[in-house]
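Contents: one structure, followed by commentary.
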Amino acid sequence: MGALNWNSEITKHNQRLFMQEQTQERIKNAFQNQQEQPPTEFLFVDGAGWTQEPVEPFSLDKFALNGQVAEMRRKMLEDKFVLGQLAIYGQVTVIYAPPNTGKTLLILKLLIDRIESGDIAGKDVFYVNADDNYKGLVNKLELAEKYGFNMLSPGHNGFESKKFLEYLSRMVKDDSAKGKIIILDTLKKFTELMDKKAASDFMKVGREFIANGGTLILLAHTNKKRDAEGKVVFGGTSDIVDDVDCAYMLDAMKAGPFDTIRTVLFENIKSRGDVVKSAGYSYLMAAPSYSALIESVKPIIEEEAAAAKLKDIFNYQLEKDAPVINAVIEAIEQGITLKTEVIDYVHKNAGSSKKAINTVLTTYDGTNRHKPQMALFAG
């Protein structure tokens, strides 16, 4: 009995050694085969054991667009403008403007002109009015019905601004984006402009919409503070401007107390395509109806736009220099005429540096016929 047990133990021991040798041999062969055969991955099949399937080496071939030109050409849009010569069909365009510049008025006028000319179909336009009161919405809805484009507004007919990206994605998925023109007024109601990730995520979906034949026009506000030259600065992070095809700054020229017409200028800061670098328009500052305001919008010629721009630059500088100018006039009225004494007086009473005061005096002293004279501001 003892001999049987001993023999049984020897047999089990030999079996274990054999299994270990077999396992080591399989591992050795597997490592050798890895150098001669394509990579493999091990799959467990129905509990029956391990099997091996070859895995193809990684290649960029699967990303190649070859063979899809017909489908891509089908989605490609004809080169034409949607708004004046500012926004191109099939692109993302953003227009930044300060409040009360008339951006909605101008965009609607330019849009209506294109619809009336037959360049775009009103039924394909979706104007999302998210920055208006009820009366304003009704006024603009009347225009939409008159000219055949669609007016949407958050809180009406189930439209939700927070679901806008979902709507765009659905249009892309359903292949219904081609030819559709969406105007967002204003962009801040649909994404957080100060949040880089939110702005980037918005533009990612927006670009998918464009890639599938859509057109996006985004209206946005500028910062309250202008730059050192008095120019408006776009609000939020740079992600929107970085990802759009075209970007404009819209600004109103300073109006006098008796002016009845406002002049505005579009200035391009980014473009992909043959858009204009600048464009000027004028419109009535007051009218009996919104339709009358729309009708009052007129383009201005390039020379007038350039003159308006120079005038606005001068007016901004004049406003900036006003404290020093007023102090200089005050000094002259008190009989102080010697330049050094005028500078000392203004420095003491206006708090400006002597260098800045001297610059103002040189700018407005009338010695250059291209510069305004100080006497112009004395009465």
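The values are calculated or read from the model by the stated rules, or taken from the named source; none is laboratory data. In this text the structure is predicted, and so the values were computed from the model without any measurement. Every residue, glycine among them, receives a Cβ derived from its backbone with ideal geometry; neighbour counts consider all protein chains shown.
If only one of Val276, Val360 is at pLDDT 75 or above, outside the structural domain of Val138 (by TED's automatic domain parsing), of a type in the set (A, V, I, L, M) and surrounded by 12 or more Cβ atoms within 10 Å (Cβ to Cβ), which one is it? Only one candidate qualifies: Val360.
Residues satisfying the criterion are absent from segment 106-124 (criterion: outside any helix (DSSP H, G or I) and closer than 30 Å to Lys224 by Cα).
Residues that are in a loop (DSSP other than H, G, I, E, B) and under 16 Å from the mean Cα position of the chain (by Cα) are absent from segment 196-209. On the basis of being within 11 Å of Phe149 (Cβ to Cβ) and in contact with a Lys or Arg (Cβ under 6 Å, 6 or more places away or on another chain), does Ile115 make the cut? No: the conditions fail for Ile115.
Only residues that are without any contact (Cβ under 8 Å) to a residue 12 or more places away in the chain and under 11 Å from Ile112 (Cβ atoms) were counted across segment 124-147, and they come to 1.
Restricting attention to segment 172-221 and to residues that are aromatic (Phe, Trp, Tyr) and touching a Ser or Thr at 6+ places or on another chain (Cβ under 6 Å), the residue that is surrounded by the fewest Cβ atoms within 10 Å (Cβ to Cβ) turns out to be Phe190. Of all the residues in segment 60-102, those that are at pLDDT 80 or above, in a loop (DSSP other than H, G, I, E, B) and more than 24 Å from Leu293 (Cβ to Cβ) number 9.
Among the residues making up segment 338-353, those that are among the aliphatic types (A, V, I, L, M), assigned to a helix (DSSP H, G or I) and at pLDDT 80 or above are Val342, Ile343, Val346.
What number of residues in segment 118-133 are under 20 Å from Ala292 (Cβ atoms) and modelled with pLDDT under 95? So the count comes out to 2. Annotation note: Cβ proximity below 6 Å between a residue of segment 170-184 that is over 15 Å from Ile115 (Cβ atoms) and a residue that is in a loop (DSSP other than H, G, I, E, B) (sequence gap 6+ or interchain) occurs for Met171/Ala177; Val172/Asn212; Ala177/Asn212; Ala177/Gly213; Ala177/Gly214; Lys178/Gly213; Leu184/Phe190. Residues in segment 103-130 that are buried (at least 20 other Cβ atoms within 10 Å of the Cβ) and either small (Gly, Ala, Ser) or over 25 Å from Pro299 (Cβ atoms) (or both): Val128, Ala130. For the condition surrounded by fewer than 16 Cβ atoms within 10 Å (Cβ to Cβ), not in a loop (DSSP other than H, G, I, E, B) and not acidic (Asp, Glu), Lys140 does not qualify. In segment 195-217, the residues that are under 14 Å from Val125 (Cα atoms) reach residues that are of a type in the set (D, E, K, R) and at pLDDT 95 or above with C-beta atoms within less than 6 angstrom, at least six apart or across chains, in these pairs: Gly214/Lys180.
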